[in-house]
Amino acid sequence: MSARLHVCLPPAAGPGGTRMGESPVDRAPPATPPLPADRHTSMPGRRLLVLLPLGLAGACSQPGSGLPPLEETARATYRVGSGDVLRVIVFGDPRLNGEFRVNDDGTISLPLAGAVPAAAKTARELEASISGALQTQGVLRNPQVAVEVVTFRPFFILGEVERPGQYPFQPGMTVLTAVAIGGGFTYRANRDFASITRVIDGQAVEGKVQRQSFVQPGDVITVFERRF
C-alpha cells in the first residue's frame, strides 16, 4: 500500500478577515496602545501635588505660629523697671544729684527724700514723683528735677541663635538686632518671626513679633525652630 502524505494548511480567511470556522466574536480585540502622558500630570508634577499639602500642613504647625501678636509699644513710652540705673539731677541742690539703681521692690533711695516709687513710670512721671517727695519732706519748695536712664536692664534671647543668653540693651534695638548680638540664626531657625515675653501692667505676656519689631529692656526673645 502506498503511504499517504497529510499536509496541514491554515484555514482560509473568510469574509471580514475571519478564518473559516471562526466567529468574529471569537477574535481577540487588538491591543490598545498606551495613552500619551498628559503634560499637566507628569511625574514631577504629581510629586509636587503630593508634597504641596504636606508643606502646607508643616507651615501651619510651625512652633509659635499660634501665638497672638504682641502689642507694639512706642519707644517714647519706655517705663522704668527694676535693674535700671537712673541719673537724677536736682537743679540748685547738688547734694541730691547722683546715679541710683531701681531696687527689686521698684523704688529708688534718694538722699533727704527716702524711697521713691519708680517702677512702671516714665522719666517724666518719675521727675514729678521726686519733686513731690522733696516738697513733702520740706527739702525744697519748688524743686526742678531731671531724670534719665543711664543703664538699661538687660534683655534675654533664647532658642535657635548661636549664643543664647543675657545681653545689655541698647536703645532702638529690634528683634533682628538682638539676633545679631546673639551670634545670628542657627541653620534650624525660623527666620520669619519670633516671640517676646514682656511684663505689661505687672503681667508677663508672650506674643508673636516680626523681625523689625522693637525690643525693650527686660524682654525675653524666643527664636523658634523651623520645621522642614
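The values are calculated or read from the model by the stated rules, or taken from the named source; none is laboratory data. All values reported here derive from a predicted model rather than from experimental measurement. Don't worry about glycine lacking a Cβ; one is built from the backbone with ideal geometry, like all the others, and counts go over all protein chains shown.
Within the range 201-228, the residues that satisfy the criterion of being over 16 Å from L67 (Cβ atoms) and surrounded by 16 or more Cβ atoms within 10 Å (Cβ to Cβ) are F214, V215, Q216, P217, G218. Among residues of the range 139-165 that are within 22 Å of V88 (Cβ to Cβ), those with a Cβ under 7 angstrom from a residue that is among the basic types (K, R), sequence gap 6+ or separate chain, pair up as E148/R87; V150/R87. A count restricted to the range 105-132 and to residues that are of a type in the set (D, E) and in a helix (DSSP H, G or I) stands at 2. Among the residues making up the range 132-173, those that are among the small types (G, A, S) and surrounded by 19 or more Cβ atoms within 10 Å (Cβ to Cβ) are A133, G159. When R198 is tested against (1) modelled with pLDDT of 95 or more; (2) buried (at least 18 other Cβ atoms within 10 Å of the Cβ), just one condition goes unmet, and that condition is (1).
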